[in-house]
Amino acid sequence: MKKTELHLGPFQGITDVHFRNVFADHFEGIDKFFTPFFSGIHTENSKNLRTQEIAPATNNIHNLVPQLLSNDPDEIIRFSEQCAKLGYKEVNLNMGCPYPQVARKKRGSGLMPYSDLVAKIAQGTAGNFKTDFSIKCRLGYYGSNEIDELIPIFEQMQLSELIVHARLGTQMYGGKPDHEKFANIVSNYTGSIVYNGDIFNLTDYTLLGTRFPQVSKWMLGRGILADPFLAADIKAIAPNDYSIRKDIVYRFIMQLYLTRRKAKADNPAVIGRMKELWSYLSLSFSEPTLAWRLIRRSTDFEKYEEAVAQVFKNQSWIGAGFTSSGKMY
Ligand SMILES: Cc1cc2nc3c(=O)[nH]c(=O)nc-3n(C[C@H](O)[C@H](O)[C@H](O)COP(=O)(O)O)c2cc1C
């Protein structure tokens with residue numbers, strides 16, 4: 001039987017070093033983590049990489065892949081060199097970010113319509129990597145035919161992995177992933193491929209696993225932010241008892257909060273960070289709207305702690321997870 005490998009997708013503003021460490025302390029099933037993207041690697045000893053987000057002392061470098069947002073071959077190689085020095089074995093290029101201010105500069109998913117630029121990246125980086133190189137992309141920015149022109153270039157680049165979020169950039173995070181098109185890519189691409197998009201529960205995973213028997217690597221996103229047991233459920237290693245699950249979630253959320261407070265010297269911005277996560281996590285409680293309202297309204301540490309205490313006292317953990325109707329705001 002093929003071995004299932006699960007990746008935790010990067011989320012700028014949520015899956016920072018503290019999230020990844022505390023998550024790995026409490027939940028099982030994730031084989032590989034990705035940093036949210038870095039950018040602006042202008043020098044050989046870039047300031048942007050002198051942070052605990054990537055420092056080996058604060059990260060488990062064996063299962064972490066640093067990600068870069070760039071369209072410049074020299075910058076990509078600089079990133080690979082600096083990550084190699086830190087001990088990393090793989091770096092990832094973000095060709096998926098959909099935000100117009102990024103896409104307009106032909107970066108993220110905004111790079112997908114420009115096969116000439118991607119070919120230049122392939123040429124300019126060939127033979128120069130100090131690490132493995134993988135790409136996380138979409139099907140295209142405007143249209144899903146864009147990836148067809150890129151597949152031969154990706155093949156030539158000998159990527160260690162091609163992660164495909166099966167949406168268009170213009171869809172942002174809405175609408176549905178295009179499974180037809182993904183099937184078409186799977187049959188045309190000979191390298192190692194990872195599926196990403198709307199795996200929200202065990203049923204979604206099972207259906208996709210049946211539809212794509214050739215695929216053994218899956219990246220989880222909003223689904224695992226809403227229900228952190230998703231990876232363990234997929235691998236059938238999660239605790240069956242939902243009150244035990246609730247205790248684990250409580251310990252996770254408290255440890256993450258305290259770790260961030262300590263790391264940020266009690267900067268109130270920590271509450272905003274926690275709210276970002278809660279906008280997903282609330283969905284797995286018995287009364288998601290109420291849970292989210294309580295957390296959203298909290299404006300200082302004391303109120304936040306009270307809100308968390310109320311949610312855990314009055315609600316059960318259902319683990320319903322993310323649904324296509326969206327997160328809590
Ligand atoms: C707020 C937010 C931030 C994200 N940040 C990144 C990022 O830094 N790098 C990246 O490759 N993807 C990023 N993503 C995309 C996710 O990693 C993932 O590909 C996407 O949510 C699709 O998977 P899903 O449908 O399972 O959620 C972000 C998504 C959201 C909603």
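Just so it is clear, none of the values below were taken in a lab; they were calculated from the coordinates. As the structure is a computational prediction, the values presented were derived from the model and not from experiment. So basically every Cβ, Gly included, is an ideal-geometry build from the backbone, and we count neighbours across all protein chains shown.
Here is how the numbers come out for the structure above:
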{"quantity": "Mean-position separation - Cα centroids, region 198-212 and region 225-281, in angstrom", "calculated": "23 Å"}
{"quantity": "Mean ellipticity per residue at 222 nm, deg cm²/dmol - from DSSP H runs of n ≥ 4 across the chain, formula -39500 (n - 2.57)", "calculated": "-13000 deg cm²/dmol"}
{"quantity": "Kyte-Doolittle at least -1.0, axis length at least 27 Å by Cα - qualifying DSSP helices, the chain", "calculated": "242-263"}
{"quantity": "Neighbour-count ranking [beta-carbon atoms within 10 angstrom, fewest first] of 227, 198", "calculated": "198, 227"}
{"quantity": "For region 39-67 and region 79-150, distance of Cα centres in Å", "calculated": "18 Å"}
{"quantity": "Kirkwood estimate for region 175-217, i.e. one over the average of 1/r between Cα atoms, Å", "calculated": "10.9 Å"}
{"quantity": "Dipole magnitude of the chain about its Cα centre (Cβ charges: Lys, Arg +1; Asp, Glu -1), debye to nearest 20", "calculated": "600 debye"}
{"quantity": "Set of lysines near residue 217 by C-alpha distance (under 27 Å), chain-local residues within fewer than 8 positions excluded", "calculated": "2, 3, 32, 89, 130, 136, 176, 181, 235, 327"}
{"quantity": "Student exercise, region 27-122 dipole from Lys, Arg, Asp, Glu Cβ charges, in Debye to nearest 20", "calculated": "280 debye"}
{"quantity": "Alpha-carbon Debye profile of region 35-197, log10 I(q)/I(0) at 0.10, 0.13, 0.19 Å⁻¹", "calculated": "-0.34, -0.58, -1.21"}
{"quantity": "Furthest towards positive pole of dipole, 114, 19, 237, structure part the chain, Cβ charges", "calculated": "19"}
{"quantity": "Measure of compaction for region 161-305 (Cα Rg per 2.2 N^0.38 Å)", "calculated": "1.25"}
{"quantity": "Lys/Arg +1, Asp/Glu -1 at C-beta; the chain dipole; positive extreme among 215, 280, 10", "calculated": "280"}
{"quantity": "In region 110-145, chymotrypsin sites (Phe, Trp or Tyr not before Pro) in a DSSP loop with at most 14 other beta-carbon atoms within 10 Å", "calculated": "142"}
{"quantity": "Sites excluded, GluC sites (Glu not before Pro) in DSSP loops with at most 15 other C-beta within 10 Å, longest stretch of the chain", "calculated": "45-329"}
